[in-house]
Each structure stands twice: as structure tokens, then as C-alpha cells.
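The structure under discussion appears below in the form of C-alpha cells.
No value in this document is a laboratory result; all are computed from the given coordinates. Not measured: the values here are computed from a predicted model. Backbone-built Cβ (ideal geometry, glycine too); neighbour counts: all protein chains shown.
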Amino acid sequence: MNILAAVIAGIVGTIIMTLVMVMAPKMGMPKMDIVGMLGSMFGAPPNRALGMMMHLMMGIVFALIYAALWAYGVGAATWLFGLVFGLVHWLIAGMMMAGIPMMHKGIKLGKVPAPGAYMMNNGGAMAFMGGLIGHLVFGLVVALTYAAL
């Protein structure tokens, strides 16, 4: 397993995924501001720099998990397994969104809306699809970047 390549792939994948989320409202999708949500975990208004650092850190951790799985023979760093890992990643992360209110100060104070499972409270089916597309893009970019490095 190439740890440096996984870290770089995680950073690149997270940046590309974040750009997709920024562009989503311009394509008729709901606003998916994970950076703002993460940045407001410790109070409002959101600290966007902290939110982006948290998002990048999570992207790096997931890329390291992907790379470790590939190193142990679970799939390979290919476009197909990138999409499969992105799908599984979204299934897990989407469910985790339902638990965010337990640890999010902004939600507890009523200053930030609770996203709900798969962010369904923040845009319904379109948010579900947007999150799925974002994670598929993340998995694809991580796999291709990791393989290239």
C-alpha cells in the first residue's frame, strides 16, 4: 500500500467532490453544503476553513481505507472498483447523516437544520441522488489518482 499516494488521492478526490457539490445548485440540485455543516458543528456561524479541513481529513481517511482494501486484495484501483467503493461509501455515510444531530452543536441549538439519513431533509430525492453522485465521483477519482501514482 502506498500511503502517500492514498493521501494525495484522498485530497484530490475530496476537492473534486466538493467542486461537484458547489456546482450542484447551478444544475438544479439542492444545496449540499457539507463544508458549512461540518464547520458549524462547534457553533454558528460556520467556520468554513475548519469545515473544509474536516472534509479533507475524512477524504484522506476514506482513501486510506480504499487503498488498504486494495492492498489486501479486495478489488483494485480501477474505475469499476472506484465506483463500487464510492457506492458503498455513500451507503454508509448517508446513514451516518441521521446520527449527526447527536454530536452537532449547531443542530442542537436549532441554528442548522438536521440533514436526516442521506440528507433527505435537505432536498429529498434530489439530495439523495446528489450525494450518491458525489460519492461515486470521489471513489472514481481516488481510484484513478491512486493507480496513477
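Quick notes
- Mean ellipticity per residue at 222 nm, deg cm²/dmol - from DSSP H runs of n ≥ 4 across the chain, formula -39500 (n - 2.57): -22000 deg cm²/dmol
- Ordering 118, 72 by the number of other Cβ atoms within 10 Å of each residue's own Cβ, fewest first, gives 72, 118.
- By the beta-carbon count within 10 Å of each Cβ, the least crowded to most crowded order of 32, 52, fewest first, is 52, 32.
- Summarising the overall dimensions of region 3-148 from its C-alpha atoms, the Rg and Dmax are 15.0, 45 angstrom.
- Degrees separating the helix 79-96 axis from the principal Cα axis of the chain, which is the longest one: 30 degrees
- Using 0.36 nm per residue and subtracting the Cα-Cα separation, the extra length available between residue 68 and residue 26 on full extension is 11.5 nm.
- Net charge over other residues, Cβ less than 11 angstrom from the Cβ of residue 39 (K, R count +1; D, E count -1): 0
- Using C-alpha pairs under 8 Å with a sequence gap of at least 6, the mean separation divided by the residue count of the chain gives a relative contact order of 35 percent.
- Sequence of 42, 128 once ranked by neighbouring C-beta atoms within 10 Å, starting from the fewest: 42, 128
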